[in-house]
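The values are calculated or read from the model by the stated rules, or taken from the named source; none is laboratory data. All of these numbers come straight from a predicted model, not from anything done at the bench. A quick note on method: Cβ atoms are made from the backbone with ideal geometry, for glycine too, and the neighbour counts reach across all protein chains shown.
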């Protein structure tokens, strides 16, 4: 059970509650309900995903706090931006697999419009926006979507400008997941060699402190929208006029 090789049964919950002297009926019922829910497959389990655990945690979270110094966070990516990332991956992602990944990511984005919606707080390094993933047409569409998304009441986007100089998270992107129940706050860090989950209080407190320092040095949400709009216009100027006038330069939204 502890390694996740099998799920809990209601008998397990009852016996463990007796063992650990959990006598509150409401708490026992809550734990039993959690056991029932773990036996219900999530939509993402039909895909062969190495990050399926994260997708499940993300779906259960009420607040997602993200800092990215490399790419636009998955929940804010356009479909064209996604495909450009998959195309550049190593080992090379097949076209079929790339479409599956894009489908998963677009489905995950429904968390932002569910009822109640996921609260997303994202801080992006300017380098994330200046890196021309997919070229100027793709980036113009991506920036357009970021500006639109930033106006949603449950989405906050701030940008750390290059002019800010050094900051405490230049070498790391991370996500902090918060939940409404007694589930502890979780930090997720992903890299080329894999990913790690941090839940020790000293770790989550440290990452929270780093994020709060980023919020302080970043442009305000209003300033960030204006800044992203300026970068979007810079990309639009680089789009060939014939391509832009045909409508292909508008990019897409997810």
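One residue stands out in the range 107-118 among those that are in contact with a helix residue (DSSP H, G or I) (Cβ under 7 Å, 6 or more places away or on another chain) and assigned to a helix (DSSP H, G or I): the one that is nearest to residue 151 (Cα to Cα), namely 112. From the list 121, 104, the one residue that fits, being outside any helix (DSSP H, G or I) and in contact (Cβ under 8 Å) with a residue 24 or more places away in the chain, is 121. Scanning the range 229-247 for residues that are surrounded by fewer than 16 Cβ atoms within 10 Å (Cβ to Cβ) and more than 15 Å from residue 143 (Cα to Cα), we see that the one that is modelled with the highest pLDDT is 240.
Flag not set for residue 112, criterion: touching a strand residue (DSSP E or B) at 6+ places or on another chain (Cβ under 9 Å) and in contact (Cβ under 8 Å) with a residue 60 or more places away in the chain.
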